[in-house]
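Here is the structure we will look at, set down as structure tokens.
The values are calculated or read from the model by the stated rules, or taken from the named source; none is laboratory data. Keep in mind the model is a prediction, meaning the values are calculated, not measured. In this analysis, Cβ positions are derived from the backbone assuming ideal geometry, glycine residues included, and neighbour counts consider all displayed protein chains. These accessible areas exclude ligands, DNA and RNA; they are computed on the full protein's heavy atoms, side chains included. Shrake-Rupley method; radii C 1.70, N 1.55, O 1.52, S 1.80 Å.
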Amino acid sequence: VGRLGEVWWIDAYRVDVATGAATRLARASLDEQAHGVIAPDGRTAVFKRHYGEGGLTLLDLVDGSKTQLGGGDTPVYSSDGRQLAFARTVTVGTWPDTLRLMQVFVADLDTGTLRQVTDHRDPTLRFATIDWSADGTHVLVQHWNEGDLRQQLAILDLATVEFWPLPQGIAADEAWFD
């Protein structure tokens with residue numbers, strides 16, 4: 001990702017490690033700086049815009065087309081590349097009793113369906129999706145309360161929406177080990 005004038009360009013390449021030959025897979029532009037993750041199969045990538053509420057953009061690395069996925073943060077692909085987990089802030093209620101709540105979502109990239117997994121009512125709770133289990137049934141999440149530096153790791157069961165706490169700490173991308 002790099003900036004040229006007022007436009008940020010995304011160039012995705014496949015490099016043959018044996019020969020060093022590089023093939024451009026896609027070139028696309030965004031109107032602001034973004035960072036991204038590439039699907040395990042290398043066919044798509046998701047970019048998160050840095051500013052404001054941010055937005056997730058799905059980039060097809062085969063044909064260069066872009067699909068806006070809406071607001072979100074910390075996107076992570078399942079190991080088969082068919083699902084995408086991320087955190088998103090949603091607004092519930094009516095003025096003046098509105099709440100802005102961060103929830104965990106899962107997008108099925110084959111069908112285009114989006115499912116809100118969590119449904120808590122704590123406006124200070126924050127999430128970061130870190131990684132998927134190999135079988136695609138659980139997501140490793142980091143959660144904390146706004147203003148509190150202590151972060152907790154947990155395994156989120158997508159079927160039951162139960163959290164299984166792990167020892168206190170912080171995880172990085174691809175932190176799941178079976």
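Summary table below
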| item | result |
| --- | --- |
| The stretch 96-162: C-alpha gyration tensor shape, a/c 1.5 cut-off, then a/b vs b/c | oblate |
| Sites Ala21 and Ser79, calculated FRET efficiency, Cβ-Cβ separation with R0 35 Å, nearest 0.05 | 0.80 |
| Exposure ranking of Trp95, Trp8 by accessible area [1.4 Å probe, largest first] | Trp95, Trp8 |
| Shape of the stretch 48-168, Cα gyration tensor, a/c cut at 1.5 | oblate |
| Residues Thr67 and Thr124, FRET efficiency given R0 of 25 Å [Cβ-Cβ distance, rounded to 0.05] | 0.20 |
